[in-house]
1. At most 15 other Cβ atoms within 10 Å and a DSSP loop assignment: could you name the GluC sites (Glu not before Pro) in region 69-151 that fit?
2. To the nearest 20 debye, what is the magnitude of the charge dipole of region 28-106 about its Cα centre, counting +1 on the Cβ of each Lys and Arg and -1 on the Cβ of each Asp and Glu?
3. Where a Cα-Cα gap under 30 Å defines reach, which lysines qualify for residue 205, not counting those fewer than 8 residues away within the same chain?
4. Which of the trypsin sites (Lys or Arg not before Pro) found in region 189-266 are in a DSSP loop and have at most 16 neighbouring Cβ atoms, other than their own, within 10 Å?
5. Consider all pairwise Cα distances in the chain and report the whole-number % of them above 27 Å.
6. Taking only protein heavy atoms into account and a 1.4 Å probe, give the accessible area per residue of region 137-205 in Å².
7. Going by average Cβ neighbours within 10 Å, how do the peptides 5-17, 206-218 rank, with the highest at the top?
8. Could you grab the relative contact order for region 1-157? Cα pairs under 8 Å, six or more apart, rounded to a whole percent.
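The values are calculated or read from the model by the stated rules, or taken from the named source; none is laboratory data. As the structure is a computational prediction, the values presented were derived from the model and not from experiment. Positions of Cβ are backbone-derived with ideal geometry, glycine not excepted, and every protein chain shown enters the neighbour counts. Protein only, heavy atoms only, side chains kept; ligands, DNA and RNA dropped before computing areas. Shrake-Rupley method; radii C 1.70, N 1.55, O 1.52, S 1.80 Å.
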Amino acid sequence: MNLMKQGELERIKNGPVYWLDCADKMPNIGTGGCVQWSLKAKGKMFHSGFPHMAINAIELAYDALRYVQKRFNEEFPRHPQEKVYKFPCGSSFKATNVVVPEGSLNQIKGSCTIQGDLRLVPFYRIADAMKAIEGFVKELNDGGFKQIEAASGFSYDKTVKEEGKEVAAEVELKWHGDGIDGLACDLDSSGFRYLKEATQKIVGKFDTIADTGSLPLVADLKAMGCDVQTIGYGIEEAYHADNEYAKLSDFEQGFQVLMMVISRLNADAASN
């Protein structure tokens, strides 16, 4: 980012930028925006034999998450461009981890934190999604708990006593970082066309990939005016595996593809 701000990347606008950080030897024409989050539910701890005197933070957290997910899916539905880019799934706001205080099984927990991430197809802006989700959480804290009833049958729209004070249900959202936007590659550019032709000739077939996995900086480079194309020669099914691996034969084909692309670009430069 500092290089971009200092103008050191201006010269790469003159030709395509090939980002090698994908897999399966086919162009990855679409990536997802991403930001991680925490949603903390604050309730009232009490003995499980007296649930009417508690606010179950575990159930509150899950029901609050479901409310936010429902509102998110309404505001950021499947985008028509997803079919063009062949995204196998749309945007998602989902849980990946849960943190609760240690305690006995007959204790209703007074706090619970659900953690997860937001993945966004590149046809929406991550900043817009984050602002919308903040609004959904505010809806809950501003009286929205009236719309939610726990599966156990107890209402969240109440107050209980704690050390002489009235305690009410509350949820708190925290973002982990500013987030990054996704990338939708230019499918009409010479950079994409040359990559397609070289892949077809060297690999013997051609297809495209799109997913909500995220790559840093690529959306910023595109916004700066670069023709960003992404591809890679690892093996997707081995991503982050205990025994992650790749094939030298795939790398060999990758070198051949990129050499052919460079030759085409050099020929264009010479003719101009």
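1. Numbers: sites: 74, 75, 82, 102, 134, 139, 149; in loops: 102.
Qualifying residues, ordered by number: 102.
2. 180 debye
3. 13, 25, 83, 86, 196, 222, 247
4. 205, 247
5. Details: 19415 of 36856 pairs.
Within the chain, distances greater than 27 Å cover 53 percent of Cα pairs.
6. Numbers: 4150 Å² over 69 residues.
Accessible area per residue: 60 Å².
7. Peptide ranking by packing, descending: 206-218, 5-17.
8. Values: 210 pairs, mean separation 45.8, N = 157.
Worked out over region 1-157, it gives 29 percent.
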